[in-house]
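What follows is a short report on a single structure.
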Amino acid sequence: MAHSPSGSRKSAAGKAVSAGHERAPPDIDDRDVLRRIAEALERLAPAPPPEVDFDAADAFVWYPEGRRLAAVRRVNRVEMSLLKGIDRVRDLLVENTERFARGLPANNALLWGARGMGKSSLVKAAHAAIGAAHPKAGLKLIEIHREDIESLPELMALLRPVRRRFIVFCDDLSFDAEDTSYKSLKTMLEGGIEGRPENVIFYATSNRRHLMARDMMENERATAINPGEAVEEKVSLSDRFGLWLGFHRCSQDEYLAMVQGYVERYRIPLEADQLRREALEWATTRGARSGRVAWQYVQDAAGRLGVRMSDDG
């Protein structure tokens, strides 16, 4: 008996369906598949930043890996009274910092100039002094490393909703010819849709007034079609700091006053003539006079005389 074509097609379709059921395991649960997909996506997603206890310390260091702020229990700082030869810039930075702590308009600050003249020491001393004078402001110091400048937008997003005030501080800031991370800093200082958070101010120190080497600027001008515009973008970065504070090499009298201040603070038994002679000889061998050189001499003298230097009293 001949089979009809339609019957053959139905039989073939039935076998195909049956074969399809045989290929799919009957015990797979669609919900289990979805759960495993969701878990895989969660593992790929970045973890939320850890909660920061801002009451744990007055200073923190920013680590962009993991978006972490590490508390600094003891800040390496120098007392304001020991910073000699920088009276004018000291007063300007302290006044600017106090305005910020009080919620008044204040400027981002660039401290530039001679090495070892107390730029970073002044930032840390100003934070300590104003923080103690205005405890209700909850003034915190956050250090960001030069190589992490590109992560500034992430740090700003983390600090923006916090009901405290922050000094974000970058020490020894400068940029090389091929470095484009300065654009993140420009956006944070001025520009961008959100702009700088109201509760954040940025302080930076640098040996360079325009944050880039002079030979880089001259090379840019020499190879550019329009020399005036060639370095405009990079030079304009320093223009976005409302407060420029210049630090210059100190005189011999200022250097000796720095040494004397340290010697009196740590009660190092040195006669005036011996102190002067040794301190000047130390500066001559180093080829410079600065606060850093003064501190290095005092450390050497204290070690020779068996004096322990401690700020604990």
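Results, tabulated for the structure shown:
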read-out: Failed condition for R115, given (1) surrounded by fewer than 15 Cβ atoms within 10 Å (Cβ to Cβ); (2) among the basic types (K, R); (3) part of a helix (DSSP H, G or I); value: (3)
read-out: Selected residue (criterion: farthest from the chain's Cα centre (by Cα)) from residues of region 151-199 that are part of a strand (DSSP E or B) and not aromatic (F, W, Y); value: R165
read-out: Residue within region 214-231 that is closer than 24 Å to M117 by Cα and modelled with pLDDT of 75 or more present; value: no
read-out: Within region 118-150, tally of residues that are part of a loop (DSSP other than H, G, I, E, B) and either small (G, A, S) or without any contact (Cβ under 8 Å) to a residue 40 or more places away in the chain (or both); value: 3
read-out: Residue that is modelled with the highest pLDDT, among those in region 24-52 that are part of a loop (DSSP other than H, G, I, E, B) and surrounded by 10 or more Cβ atoms within 10 Å (Cβ to Cβ); value: V52
read-out: Residues being under 22 Å from E79 (Cβ atoms) and in a helix (DSSP H, G or I) - total across region 243-281; value: 15
read-out: Region 59-116, residues that are in contact with a strand residue (DSSP E or B) (Cβ under 9 Å, 6 or more places away or on another chain) and of a type in the set (V, I, T); value: V61, V72, V75, I86, V89, T97
read-out: Residue under evaluation G138, criteria (1) at positive phi; (2) surrounded by 19 or more Cβ atoms within 10 Å (Cβ to Cβ), criterion not met; value: (2)
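Okay, residues lined up against (1) under 30 Å from E190 (Cβ atoms); (2) in contact with a Lys or Arg (Cβ under 9 Å, 6 or more places away or on another chain):
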| site | (1), (2) |
| --- | --- |
| W244 | yes, yes |
| H248 | yes, no |
| A257 | no, yes |
| Y262 | no, no |
| R265 | no, no |
| A272 | no, no |
| G287 | no, no |
| Y297 | no, yes |
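The values are calculated or read from the model by the stated rules, or taken from the named source; none is laboratory data. Worth saying up front: this structure is predicted, and the values here are computed from it rather than measured. Note that each Cβ is placed from the backbone with ideal geometry, even for glycine, and that neighbours are counted across all protein chains shown.
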